[in-house]
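A quick write-up on the structure given underneath.
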Amino acid sequence: MFNKDQWAQISEIYSKWWDKTLDRPIIKGVRKINPNLSIPVPSQANCHDFSVSPEEIINRIDADLKNKEFLGDAFPMVNFDWFGPGIVAAFCGADVNNSSGLVWFERPNDCEISQLHLEFDPQNKWFNRIKDIYGAGLKKWNGQVLMSMPDLGGVLDILATFRGTENLLMELYDKPKDVKRLINEIHEIWIHVYNEYNDILQPVNPGYSDWNGIYSKDPSCVLQSDFSFMISPQMFKEFVIDELRLETEKIQNTIYHMDGIGEIPHLDQILSLEELDAVQWQQGEGSPPAREWIDIFKKIRSSGKNMQVIGYYEDLFAVAEAVGAKGLYFNTEVTDKGAFMNTYNYFTR
């Protein structure tokens, strides 16, 4: 686990990255010391098992962390993504279904969109489960390990849980006022939940992170709207961009998760967000690797924003050669320590 000096070093490096004064990329790698060691850590497949106490969950995670080596710019972190993408939906009454091994959220009932009003339930069992695990982790580690925010989700993605994707697509045309009303309701709930968890974690938690693993000493989050894969730039402008802008204005450090080729038509609008710091380009399953999307990275670079490269070492080298290494973020699970250290030393020498 990290001591105060180690966390101070991480804070300094990543703060320079967010401020765009770091003259090299962030390169983060985590290696399992004993890859054959099996520890029953939390996952989307078992997150429903409330019979395991928060203290036992933290003890299991602690054992798993002690079996890891943090290389380059990596740090000990608990990623709370095991509750699924868009957990805010559950806090508002959606059902959690992880029978497939992955978490999906299902609407509890059907109603007309004009009758739908979403409210945060402070007594929700999922919300309080995360609170309890945070409490156990703070007691165990006292700031030596960073606990991330859960994957709160994108606002339209959360709304799609309650309306159904096809219904919501039609309602963008047929019921735009109700859609915008619900977007505003979910936005306020999202910010409220973020602040509630922040009040629990700080000031003991040694910083901020979320499901993509990037560190920040100041409040940060990943913004996303996977639903926008299916809508036009005109619809994105009407229903998405203003809410994203509010998030960038309320939270200091933000990175946008651009999920696949369907979001490319929205890239200009995303880059127009003045307070947005970075873009994560996720090319998507079955698409060519990151090194084949140099035009996307060049466009992001021209906007002055930082960017995350997802892929292999050759992807990092290709993107760095095309647009420069400064402002890149690369995160990998290390199987070959030598290959990782060669890459890290190349960019930091």
Any aspartates and glutamates with Cα under 16 Å of the residue 66 Cα? List them, leaving off those in the same chain fewer than 8 positions away.
-> 56, 333
Give the residues of the range 81-100 whose amide nitrogen is closer than 14 Å to a point set 7 Å from the Cα of residue 128 in the direction of its Cβ.
-> 91
Okay, which of the range 314-346 sit inside 16 Å, backbone N to the point 7 Å along the Cα-Cβ direction of residue 292?
-> 314-316, 318-319
By how many nm would the segment from residue 178 to residue 19 grow when fully extended, if each residue of separation counts as 0.36 nm and the alpha-carbon distance is taken off?
-> 53.4 nm
For the range 121-257, the dipole about the Cα centre with charges only on Cβ (Lys and Arg +1, Asp and Glu -1), to the nearest 20 debye, works out at 400
Checking 265, 108, 219 against a Gaussian network model of the chain (alpha-carbon springs below 10 Å), the top fluctuating residue turns out to be 108
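Compute the Cα gyration tensor for the chain, then decide on rounded, prolate or oblate, letting a ≥ b ≥ c be the square roots of its eigenvalues: rounded whenever a/c is under 1.5, prolate when a/b is larger than b/c in the other cases, and oblate in all that remain. Don't skip to the answer; put the middle values down first.
Working: a/c = 1.76, a/b = 1.16, b/c = 1.51.
Cα axes put the chain in the oblate bin.
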Taking the Cα centre of each part, how many Å lie between the range 111-182 and the range 260-289?
-> 22
Enter the Cα centre distance for the pair the range 296-337 and the range 1-58, rounded to the nearest angstrom.
-> 20
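Would you work out the relative contact order for the range 63-136, in percent, from Cα pairs under 8 angstrom that are 6 or more residues apart? Walk me through the numbers before you get to the answer.
Numbers: 46 pairs, mean separation 18.1, N = 74.
The value is 24 percent.
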For the chain, whose charge dipole is built from +1 on Lys and Arg Cβ atoms and -1 on Asp and Glu Cβ atoms, the candidate among 117, 80, 228 with its Cα farthest towards the positive end is 80
Hey, for a label at residue 285 modelled as a point 7 Å past Cα toward Cβ, could you say which residues of the range 94-109 have their backbone N under 13 Å away?
-> 101-103
Just for the chain, what percent of DSSP beta bridges are antiparallel, to the closest 5?
-> 25
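R0 = 56 Å: FRET efficiency of residue 337 with residue 238, Cβ-based, nearest 0.05?
On the way: r = 49 Å, r/R0 = 0.88.
So, using R0 = 56 Å, E works out to roughly 0.70.
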Given Cα pairs under 8 Å that are at least 6 residues apart, what percent is the relative contact order of the range 273-332?
-> 36
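Please return the longest stretch of the chain lacking exposed loop sites, where GluC sites (Glu not before Pro) count only if DSSP places them in a loop and at most 12 other Cβ atoms lie within 10 Å.
Numbers: sites that count: 112, 119, 274, 285.
Here the longest run is 120-273.
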20 Å Cα-Cα threshold exceeded, pairs from 32/217; 16/139; 28/68 | 32/217; 16/139
Net charge dipole size for the range 4-348 [Lys, Arg +1 and Asp, Glu -1 on Cβ; Debye, nearest 20] | 1020
For the chain, what is the relative contact order in percent, using Cα pairs closer than 8 Å and at least 6 residues apart in sequence?
-> 20
Sum of -39500 (n - 2.57) over DSSP H runs of 4+, divided by residues of the chain (222 nm, nearest 500) | -13000 deg cm²/dmol
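Every number here is computed from the coordinates shown, using simple stated rules; none is lab data. Just so it is clear, the structure is predicted and the values come from calculations on it, not from any experiment. Glycine also receives a Cβ, built like all others from the backbone with ideal geometry; neighbour counts cover every protein chain displayed.
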